Amino acid sequence: MPTSQSTPLILDDDRLFNEVLYEDLRTAGNAVLQAFSSAEGLKMVKGKRVDAILLDQNLPEGDGCGWHRHCCVVVQRSDL
């Protein structure tokens, strides 16, 4: 039975944690996107289709909830 591939975005500045999640999700058959900063994450959601965001709540540039609100306004999508 064919399955569609999901595209999650991992936004976490902890490189080791980000890489571990990346490998697990990729091994499970996902097309995983990675970002290590708020700016990188914003570029990813502007330029690519993202199905889910695994978001660090303690980013160096601010909290994850604030990033999410800003991202929804900038990208003009409420489905993130």
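Odds and ends about this structure:
- Being surrounded by 15 or more Cβ atoms within 10 Å (Cβ to Cβ) and not aliphatic (A, V, I, L, M) is a description that applies to S38.
Matching residues to (1) within 11 Å of the chain's Cα centre (by Cα); (2) among the acidic types (D, E):
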site	(1), (2)
S4	no, no
Y22	yes, no
L25	no, no
A31	no, no
S38	yes, no
D51	yes, yes
L54	yes, no
D63	no, yes
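Rundown of residues vs (1) of a type outside the set (S, T, Y); (2) touching a helix residue (DSSP H, G or I) at 6+ places or on another chain (Cβ under 7 Å); (3) at pLDDT below 95, yes/no style:
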residue: M1; (1), (2), (3): yes, no, yes
residue: Q5; (1), (2), (3): yes, no, yes
residue: L11; (1), (2), (3): yes, yes, no
residue: R15; (1), (2), (3): yes, no, no
residue: R26; (1), (2), (3): yes, no, no
residue: N30; (1), (2), (3): yes, no, no
residue: S37; (1), (2), (3): no, no, yes
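The values are calculated or read from the model by the stated rules, or taken from the named source; none is laboratory data. For clarity, every value in this text was computed on a predicted model and none was experimentally measured. Cβ: placed from backbone, ideal geometry, glycine included. Neighbour counts: every protein chain shown.
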